[in-house]
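The values are calculated or read from the model by the stated rules, or taken from the named source; none is laboratory data. The structure displayed is predicted, hence computed values, not measured ones. In this analysis, Cβ positions are derived from the backbone assuming ideal geometry, glycine residues included, and neighbour counts consider all displayed protein chains.
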Amino acid sequence: MNIHEFEARVHEQQAVASGHYDTEYWTGDWRAEGNNYSLETRRRIEAKNPFLIKEVFQPEKVLDLGCGPGALMHLLWEIGVDVEGIDFAESSRRLATPEVRDRITIGQVTDPTLKPANAYDLVVCREVLEHLTVLQVRQAVANMARMTSKFIYVTTRFHPQPASLLDFTTQFDVDPTHITLLNKDLLRLLFVLEGCRSRPDLEARMDWGKKGRVLVLEKV
């Protein structure tokens, strides 16, 4: 993909409306292998990940950006991590557990006015960026870099076979809201341009499932 094709595709993209992320989206049986967002399902899928987050980053205050119904937040809360969340779907708070419901702010992950700068020593953004347009990804990256004082931990689905740095694709067969699968190097570049540096050593520790979907950045 050349720059002119990239420009055209970027401006053709349409953002997913918040209303799409309703109760059926989070808890329905349409997902492969019953991979819904109930707490117990996420507890099984997350496995040791909450403990790894605490061990690897040793955070004092965490923000889960695009937290959905707050399952990861709850699992972190259970092990004593001070965690807050942001999600733009109203259903997120309704479906969250009582323990973390009031810690979720409803708003856009791209909105720089929701939280102050350097307020969290770890910003987590997991399985979110593939649901955004390329322009929204750029804004979300800038917002993460603004809000963290130290680390950013991202997981997302990447283009499986990019022919160039600018290539991005979709994954509608898995989820109709997977509108942007970037080249992994392009996403890393966006963070570097916001003043972050890669931490491949921490990426290796966090990618315990060996799926190749992890980025860890440290704010310089």
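When the criteria are applied in full, residue 190 fails the requirement of being part of a loop (DSSP other than H, G, I, E, B), out of contact with any strand residue (DSSP E or B) (no Cβ under 7 Å at 6 or more places or on another chain) and touching a residue at least 40 places away in the same chain (Cβ under 8 Å).
Of all positions in the range 25-42, at least one carries a residue that is touching a residue at least 12 places away in the same chain (Cβ under 8 Å), touching a Pro at 6+ places or on another chain (Cβ under 9 Å) and small (Gly, Ala, Ser).
Inspection of the range 85-93 identifies at least one residue that is within 20 Å of residue 24 (Cα to Cα) and surrounded by fewer than 16 Cβ atoms within 10 Å (Cβ to Cβ).
Would the range 52-67 turn up any residue that is crowded, with 18+ Cβ neighbours inside 10 Å and at pLDDT below 95? No: zero hits. Of the candidates 137, 109, the single residue that is in a loop (DSSP other than H, G, I, E, B), out of contact with any Lys or Arg (no Cβ under 6 Å at 6 or more places or on another chain), crowded, with 20+ Cβ neighbours inside 10 Å and not aromatic (Phe, Trp, Tyr) is 109. For residue 212, the conditions (1) on the phi < 0 side of the Ramachandran plot; (2) surrounded by fewer than 16 Cβ atoms within 10 Å (Cβ to Cβ) all hold with the exception of (1). Cβ-Cβ distances below 9 Å connect the following pairs, each with a first residue in the range 194-220 that is among the aromatic types (Phe, Trp, Tyr), a second residue that is outside any strand (DSSP E or B), and a separation of six or more residues or different chains: 208/47; 208/48; 208/49; 208/52. For the range 124-134, the set of residues classified as under 27 Å from residue 201 (Cβ atoms) and buried (at least 18 other Cβ atoms within 10 Å of the Cβ) consists of 124, 125, 126, 128, 129, 130, listed by residue number. May I ask you to list the residues in the range 199-215 that are of a type outside the set (D, E, K, R) and under 18 Å from residue 183 (Cβ atoms)? Answer for the range 199-215, where residues must be of a type outside the set (D, E, K, R) and under 18 Å from residue 183 (Cβ atoms): 200, 212, 214, 215. Provide a single number: the residues in the range 91-106 that are in contact with a helix residue (DSSP H, G or I) (Cβ under 7 Å, 6 or more places away or on another chain) and part of a helix (DSSP H, G or I). Summing the residues that are in contact with a helix residue (DSSP H, G or I) (Cβ under 7 Å, 6 or more places away or on another chain) and part of a helix (DSSP H, G or I) in the range 91-106 gives 6.
Count of the range 107-126 residues, restricted to those that are out of contact with any helix residue (DSSP H, G or I) (no Cβ under 8 Å at 6 or more places or on another chain) and among the β-branched types (Val, Ile, Thr), is 1.
Restricting attention to the range 151-186 and to residues that are hydroxyl-bearing (Ser, Thr, Tyr) and assigned to a loop (DSSP other than H, G, I, E, B), the residue that is surrounded by the most Cβ atoms within 10 Å (Cβ to Cβ) turns out to be 180. Among the residues of the range 112-134, those that are among the β-branched types (Val, Ile, Thr) and not in a loop (DSSP other than H, G, I, E, B) comprise 123, 124, 134.
In the set (1) more than 20 Å from residue 136 (Cα to Cα); (2) among the acidic types (Asp, Glu); (3) under 19 Å from the mean Cα position of the chain (by Cα), residue 102 fails one condition alone, (3). Just one of the listed residues (126, 94) is touching a residue at least 60 places away in the same chain (Cβ under 8 Å), among the basic types (Lys, Arg) and under 25 Å from residue 212 (Cα atoms), namely 126.
Within the range 56-81, being of a type outside the set (A, V, I, L, M), over 19 Å from residue 16 (Cα atoms) and touching a strand residue (DSSP E or B) at 6+ places or on another chain (Cβ under 7 Å) holds for 57, 59, 60, 61, 64, 70, 77.
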